[in-house]
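*Asks:* What follows is a single structure, and I will ask about it in a moment.
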């Protein structure tokens, strides 16, 4: 698929995803007070003031979430290319799908400010964090695809269970997961990707660091205009989408290596 065609198709599908999402929200809203509120409402659900009665309570934070959807679609449309590379096929497609889940979950939270929206929002982040950790361990320990999938499923299931039981732990638990995943990738997995491009990983980490700084400024009110269409948390979403794209480019920069043969256990 050519670059122009891939770009056009990404934009078209992102617009379609936005239209379907709005239709779904319209079908169950806009009276979001019928649902349990997000736990962040007891403290502060970011700077943007909720538009009570509107379909999207936080429009800037909602619309910016589609940046993840666009990046995820872009990844999925190109995920099957260069199949000889380690990061292709199911792994790349799932990584792109995870980015889409992050975006749609973020829309669910900021549009509704409900507990179920909050769950959907954090779900995608946990799936991404679990993938980052599992893919790093896969290269570090030279795991088989089956073992990598089992590790990913175990980490993701544990995180989702914790989210359901203790939703108030969602932020620090995600932060711990991300720090561990990045550390394993940089110090243990990266040296085993000799032909990878670590500058792409660093670029993504830089985008994440800037996004986090803006997130803190938005959350604490240091950078806050509740009625403005320009929101710090919206910038966090867009920079986070850039970081996902950089991670994808980093993973794809690793060229094919001689595949390991995983022998069956003798009976």
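*Asks:* Could you sort the peptides 25-31, 244-250 by per-residue average Cβ neighbour count (10 Å cutoff), highest mean leading?
*Replies:* Most protected by this proxy first, the peptides run 244-250, 25-31.
*Asks:* Can you sort 97, 66, 131 so the residue with the fewest Cβ neighbours within 10 Å comes first?
*Replies:* 97, 131, 66
*Asks:* If you don't mind, there's one more thing I want to ask. Take the alpha carbon gyration tensor of region 3-252, find the square roots of its eigenvalues, order them as a ≥ b ≥ c, and report rounded if a/c is under 1.5; if not, report prolate when a/b exceeds b/c, else oblate.
*Replies:* prolate
*Asks:* So, one more: So, in Å, what gap is there between the alpha-carbon centers of region 48-69 and region 126-141?
*Replies:* Measuring centre to centre over Cα atoms gives 31 Å.
*Asks:* Something else: What does the C-alpha gyration tensor say about the overall shape of region 12-69? Classify as rounded when a/c is under 1.5, otherwise prolate if a/b is larger than b/c, or oblate.
*Replies:* oblate
*Asks:* Obtain the radius of gyration and the Kirkwood radius of region 148-231 from its C-alpha atoms and give Rg over Rh.
*Replies:* With Rh from the inverse mean 1/r over Cα pairs, Rg/Rh is 1.07.
*Asks:* Taking 8 Å as the Cα distance limit and 6 or more residues as the minimum spacing, I'd like the relative contact order of the chain as a percentage.
*Replies:* 23
*Asks:* Neighbour counts of other C-beta atoms within 10 Å: give me 125, 1, 76 arranged from fewest to most. If you can, show how the numbers build up before the last one.
*Replies:* Working: 125 23, 1 11, 76 19.
Going from sparsest to densest Cβ surroundings: 1, 76, 125.
*Asks:* What's the FRET efficiency of residue 230 with residue 157 using the Cβ-Cβ distance as r and R₀ = 45 Å, to the nearest 0.05?
*Replies:* Details: r = 38 Å, r/R0 = 0.85.
The pair residue 230/residue 157 has a calculated efficiency of 0.70.
*Asks:* On to the next question. If each DSSP helix of 4+ residues adds -39,500 (n - 2.57) and the sum is divided by the residues in the chain, what number results at 222 nm, nearest 500 deg cm²/dmol?
*Replies:* Details: 9 runs with 174 residues, N = 267.
Theoretical 222 nm ellipticity from helices: -22500 deg cm²/dmol.
Since every read-out is calculated from the coordinates, none of them should be taken as a lab result. Quantities reported herein were computed from a predicted structural model and do not represent experimental measurements. Counting neighbours? That spans all protein chains shown, and the Cβs are built from the backbone with ideal geometry, glycine included.
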